[in-house]
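Notes follow once the structure below has been shown.
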Amino acid sequence: MVRVSITPRRAGVALAALTAVLVTGCSGEPDRPRPTPSTSTAAAEPTASGGPPAAADPAARAAALVGALADEDLVGQVLMPYAYGSSATKVSDGSAAGNRSLAGVSTPAEMIAKYRLGGLILVGFSADDPTAGNQATTNVDSPKQVHELTTGLREAAGKLPTAAAPFLVGTDQEHGIVTRITDGVTLLPSPMAAGAAGDPALTEAAWRAAGAELAAMGINMDFAPVADVLVTRSTVIGSRSFGADPKRASAQVAGAVRGLQSAGVAASVKHFPGHGLSATDSHKDVPVIPQSRKVLDGTAFPPFTAGIDAGALAVMSAHLDVTAIDPGTPATFSRKVLTDVLRGQLGFKGVVVTDGMNMPPAKRWAPGEAAVRALKAGNDLILMPPNVTQAYDGLLAALRDGSLPRDRLVEAVTRVLTMKFTLADTPAPAMSTLNSPAHRQAADALAAGAVTVLRGSCATGVRGPVTVTSSGGREKTRALLTEALTAAGAKVVPSGGTRVHLVGYGDGSADLSADAAVTVAMDTPYLLAKAKSPTLLATYSSGRASMTALANVLAGKARPAGRSPVPVSGLPATACGN
């Protein structure tokens, strides 16, 4: 089967067609007659002779299917909750109890059937994860298990009236500190590392490889890349951002979007209108964005515009109080931010998805009211409601009493289905593609371009044997670097050698070592401003690819070519003149 890429032009055509359908096809009549699913869906499906579908355009197929759906189906299509368990149909007693509390059912498959869901997000934990607060469970054990889970989810969704459209399975595979699937897959260096490498072609190739692996496991939506410009030092965004320069970040975002979507995985650029302008963690409180509209237009918005221009199928709204646009209202619930600015000013025509609705800023309202408010503001997909039953019932009641305009719900569902049908043409790769040599090579190239010298010599590596130390809890990373140094021909000794000291996410001044010859920042490089070592390096990431790249520099086999994508007090972007 020939692979069909989701190119920016093709995505734009589909979205333009969707706009036309929404303008001409939504009557707004709450009691309009509805054809049965069997008659309407047939118009968008292949003919009996095996010929092409009667309505092959994604937007037209979506409109045809929407016309066949009951109210319950419409509501279900805009919900994308999480569920407990690592299987669609067989879960532990604890997971069953979690699902009953969340949705009144025992398994993910039952949740899909009861609420006629449009999609499900897979969640999980990873080290140094600033989003851990709203990850109540994990669905991820291994790639094989994920593939079996997504297969089971799609089998359950295949029994719904919306079965003609692919079921959405999403996750947050940002790479770096927010990475849901970490074992048995190709792990890319963080977005900040890509920003340091500064080559969008390398980023696109690496994200294409990673996207192919997501698709192989049955995941067709990635809540990534992060398009936030890191104006303010932040632990919640940090190395999740491509950097502080809007122009350079824009090129990186566009490359990541193109890479993911060429593999058949919808990109969801986030967190609109720009979480990098505040250091407050929206997993705990509502960050206030006090900057002027001029700063927003010139600094925060360009990477989102670049992602949209690259064909991004989705944009994630954020729980941010943007005072220059709609003071006092989190952007997730602001029509001024989402409809007037994102759609009106930036011209986005795809799916707007909320950030997690189980985060404190969204929980100021009951789940049903919050879902209605988010949809009326301009969101099309409600992510991670804290109670699925209440969100579903609240939307259905609001639709039937008129407080949620039918046109708005139909518009949202049509956008979601258009995205699904756009994704439908790209066949999933085989599982054998996971962690393949070609994919690792793409990750290695990106990591190699990121290594930055902020102080010290750029010409040669360290001399003599090397001793690797680190801040607490980084034994795995230290072992990775030791292995990579040995492979690069360097001698590693327990003590007495040239000491290379590693620091990473969450570390402070107390984690530095004053007598280390080399200090390496494996997350944001800000801490290097306080380091006393004569040589300061940054990899911005701590995975295998980044440690291999660092080892090659330390062993004198590679020249560090990266530039810090964020300013570090008292230090240049590079000491190498790149």
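Structure notes:
- Considering each residue of region 293-302 in turn, none proves to be of a type in the set (Phe, Trp, Tyr) and closer than 27 Å to residue 62 by Cα.
- Check on residue 575, in a helix (DSSP H, G or I) and either open to solvent by 10 Å² or more (accessible area, probe 1.4 Å) or among the small types (Gly, Ala, Ser) (or both): no
- Residue 438 being open to solvent by less than 50 Å² (accessible area, probe 1.4 Å) and either part of a helix (DSSP H, G or I) or within 30 Å of residue 373 (Cα to Cα) (or both): no
- Among the residues making up region 56-90, a single one is surrounded by fewer than 24 Cβ atoms within 10 Å (Cβ to Cβ), within 27 Å of the chain's Cα centre (by Cα) and more than 16 Å from residue 120 (Cα to Cα): 57.
- Per this entry, residue 426 is counted among residues that are touching a residue at least 60 places away in the same chain (Cβ under 8 Å) and either open to solvent by less than 40 Å² (accessible area, probe 1.4 Å) or not in a helix (DSSP H, G or I) (or both).
- Unique match (being of a type in the set (Asp, Glu), assigned to a loop (DSSP other than H, G, I, E, B), open to solvent by 10 Å² or more (accessible area, probe 1.4 Å) and over 24 Å from residue 131 (Cα atoms)) among 326, 340: 326
- Region 168-210, residues that are open to solvent by 10 Å² or more (accessible area, probe 1.4 Å) and aromatic (Phe, Trp, Tyr): none
- Residue pairs whose Cβ atoms lie under 6 Å apart, separated by 6 or more positions or on different chains, with the first residue in region 321-348 and polar (S, T, N, Q) and at pLDDT 95 or above and the second open to solvent by less than 30 Å² (accessible area, probe 1.4 Å) and part of a loop (DSSP other than H, G, I, E, B), are 332/319; 332/354; 334/326; 339/378.
The values are calculated or read from the model by the stated rules, or taken from the named source; none is laboratory data. As the structure is a computational prediction, the values presented were derived from the model and not from experiment. We place every Cβ from the backbone using ideal geometry, glycine too, and count neighbours over all the protein chains shown. Just so you know, the surface numbers come from the protein's heavy atoms only, side chains and all, with ligands and any DNA or RNA stripped out. Shrake-Rupley method; radii C 1.70, N 1.55, O 1.52, S 1.80 Å.
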